[in-house]
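I have placed the structure first, in the form of structure tokens, so that the comments after it can refer back to it.
Quick note: the coordinates plus some simple rules give every number you see, no bench work behind them. From a predicted model like this one, the values you see are computed outputs, not experimental measurements. Cβ sites come from the backbone with ideal geometry, for glycine too, and all protein chains shown count toward neighbours.
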């Protein structure tokens, strides 16, 4: 990997992790939804039982991209998988192969750990990302629809 390195995030990286999450949210036109704080990320990534992980890309010692991921599970295969929650590379550093390196890094981890698959979502308008995903061999699963409970609907269901 020329010009950049990948490494696991540490607790000292929290300000950069939050900065990059907000940059992704802005790119996706969802900045108003990016309410996670450093404390939220500290608990999730570095608490007693981390359930989510972050890999950073650095250029000259500065974080310029990240992949945030966790393990999921397939009842059909009976095996874990890796779910890539977010991947982001700052626009000025795109074209260096960082995105491909993130996917390669996670694919190697999945294979080494016996995971059945890797999955992620992409916004339907993000054509450059979709083209990249097709290029690396990913298949769209258009027949599946994401469902989500948040806010009052989540609280109402929980209290019933």
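Some points to look at:
Conditions (1) in contact (Cβ under 8 Å) with a residue 40 or more places away in the chain; (2) closer than 26 Å to residue 23 by Cα; (3) in contact with a strand residue (DSSP E or B) (Cβ under 7 Å, 6 or more places away or on another chain), marked per residue:
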site: 83; (1), (2), (3): no, yes, yes
site: 89; (1), (2), (3): no, yes, yes
site: 95; (1), (2), (3): no, yes, no
site: 100; (1), (2), (3): no, yes, no
site: 105; (1), (2), (3): yes, yes, yes
site: 110; (1), (2), (3): no, no, yes
site: 119; (1), (2), (3): yes, yes, yes
site: 133; (1), (2), (3): no, yes, no
site: 148; (1), (2), (3): no, yes, no
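- Residues of the range 89-127 that turn out to be over 17 Å from residue 58 (Cβ atoms) and exposed (fewer than 10 other Cβ atoms within 10 Å of the Cβ), as a count: 4
- Total residues in the range 128-149, condition surrounded by 11 or more Cβ atoms within 10 Å (Cβ to Cβ) and touching a helix residue (DSSP H, G or I) at 6+ places or on another chain (Cβ under 9 Å): 7
- Just so you know, in the range 51-81 the residues that are within 19 Å of residue 19 (Cβ to Cβ) and out of contact with any strand residue (DSSP E or B) (no Cβ under 7 Å at 6 or more places or on another chain) include one that is surrounded by the fewest Cβ atoms within 10 Å (Cβ to Cβ), and it is 61.
- Count of residues meeting criterion [closer than 22 Å to residue 107 by Cβ and assigned to a loop (DSSP other than H, G, I, E, B)] in the range 44-74: 3
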